[in-house]
1. Residue under question is ARG170, and the condition is that it be surrounded by fewer than 18 Cβ atoms within 10 Å (Cβ to Cβ), within 10 Å of the ligand (Cβ to nearest atom) and in a helix (DSSP H, G or I); does it hold?
2. Does ILE139 meet the test of being assigned to a helix (DSSP H, G or I) and under 30 Å from ILE8 (Cα atoms)?
3. For region 53-64, does any single residue satisfy the condition of being more than 9 Å from the ligand (Cβ to nearest atom), at positive phi, among the charged types (D, E, K, R) and modelled with pLDDT of 95 or more?
4. Can you spot a residue in region 110-128 that is over 15 Å from the mean Cα position of the chain (by Cα), of a type in the set (D, E, K, R) and on the phi > 0 side of the Ramachandran plot?
5. From the list LEU73, LEU17, LEU10, which one is aliphatic (A, V, I, L, M) and surrounded by fewer than 16 Cβ atoms within 10 Å (Cβ to Cβ)?
6. Can you name every residue in region 27-56 that is touching a residue at least 12 places away in the same chain (Cβ under 8 Å), farther than 18 Å from ARG256 by Cα and not hydroxyl-bearing (Ser, Thr, Tyr)?
7. Can you tell me which of ILE226, ILE263, ILE200 is without any contact (Cβ under 8 Å) to a residue 40 or more places away in the chain, surrounded by fewer than 18 Cβ atoms within 10 Å (Cβ to Cβ) and of a type in the set (Val, Ile, Thr)?
Amino acid sequence: MRNQGRSIGLVPTMGALHSGHTELFKKARDHSDAVVVSIFVNPTQFGPNEDFDTYPRQLEKDLETCKALDIDLVFAPERDEMYGDSELSIQIDSLNRHMCGASRPGFFEGVLLVVNKLFNIIEPDIAVFGQKDIQQFQIIQQMNREFNHGINLIMAPIVRANDGLALSSRNTYLSDKERVLAPGLFRSLQYIKKRIEEGIDTPGLLIEHQKSELEAKGFKIDYLNIFLKTTLQPMNTLEKEKSYIIAVAAYLGSTRLIDNILIEFS
Ligand code: AMP
């Protein structure tokens, strides 16, 4: 592809493809001549008590989806091809201190390890990631700068079901009852955003109240807070000219759901 002078867009995924992923494929198509999708359930980003073994795997179906969408190449390596000889790791100083980084030790280090490999193997001109995993995007952006990958990174907006639930491969874990409750997360984020846009600049109590409401509905909150977009540090007082992320992670039963919404004042 490169010899033909075509620019290459990469979309890294863990498979079990849904419309969230296919939106990323479209974005890649819009910004490059050839689209490469990687499908790899990356073992280094799962903790010992997480769902690596049960994570949905449907390679044949995913390949059909990619074929129907005219994806130019699918890279679906085996574990040994990626980690046959592993010795090194990538450390993160502060961008993983809060949000998912706080509750999933080693998660973003694993993400960086695999994305760094994918960037080196595929050598894309652009790479597309979803806002759904916004902390992941910010950390990969930092790696792109610090490791001089020189790739144009694009963040695609969150794709949601009609009732507001952010699409996720893990949504298949939800029981029917949990699936009905799940959009409550997005509604809470929207409510917090609305109140902030109405003028609340110290949102501590507002957030505590939303946490209680979600807990009362059956969620177990991991975190719900407002973070400065650039540093991913939690903020008690909001200033007009800055951008923030209202982000949540919560369990319904044993399923961990995440979602976020941006506040861009400027
Ligand atoms: P995953 O296969 O879950 O690791 O996700 C692969 C990529 O798709 C990541 O960049 C995710 O942020 C992105 N993604 C997953 N779900 C969504 C969604 N609902 N909307 C937008 N992007 C998503």
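1. In short, yes.
2. The answer is yes for ILE139.
3. No: zero hits.
4. Yes, because at least one residue in region 110-128 is over 15 Å from the mean Cα position of the chain (by Cα), of a type in the set (D, E, K, R) and on the phi > 0 side of the Ramachandran plot.
5. It is LEU73.
6. Hits for region 27-56 are LYS27, ALA28, ARG29, HIS31, ASP33, ALA34, VAL35, VAL36, VAL37, ILE39, PHE40.
7. Of the residues listed, the single one that is without any contact (Cβ under 8 Å) to a residue 40 or more places away in the chain, surrounded by fewer than 18 Cβ atoms within 10 Å (Cβ to Cβ) and of a type in the set (Val, Ile, Thr) is ILE200.
Residue-wise test of (1) within 20 Å of the chain's Cα centre (by Cα); (2) within 16 Å of the ligand (Cβ to nearest atom); (3) at positive phi.
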{"site": "GLN136", "(1), (2), (3)": "yes, yes, no"}
{"site": "ASN148", "(1), (2), (3)": "no, no, yes"}
{"site": "ILE151", "(1), (2), (3)": "yes, yes, no"}
{"site": "ILE158", "(1), (2), (3)": "yes, yes, no"}
{"site": "GLY164", "(1), (2), (3)": "yes, yes, yes"}
{"site": "ASP201", "(1), (2), (3)": "no, no, no"}
{"site": "LEU228", "(1), (2), (3)": "yes, no, no"}
{"site": "PRO234", "(1), (2), (3)": "yes, no, no"}
{"site": "TYR244", "(1), (2), (3)": "yes, no, no"}
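The values are calculated or read from the model by the stated rules, or taken from the named source; none is laboratory data. What you see is a predicted model, and the numbers here were worked out from it, not measured in a lab. Cβ: placed from backbone, ideal geometry, glycine included. Neighbour counts: every protein chain shown.
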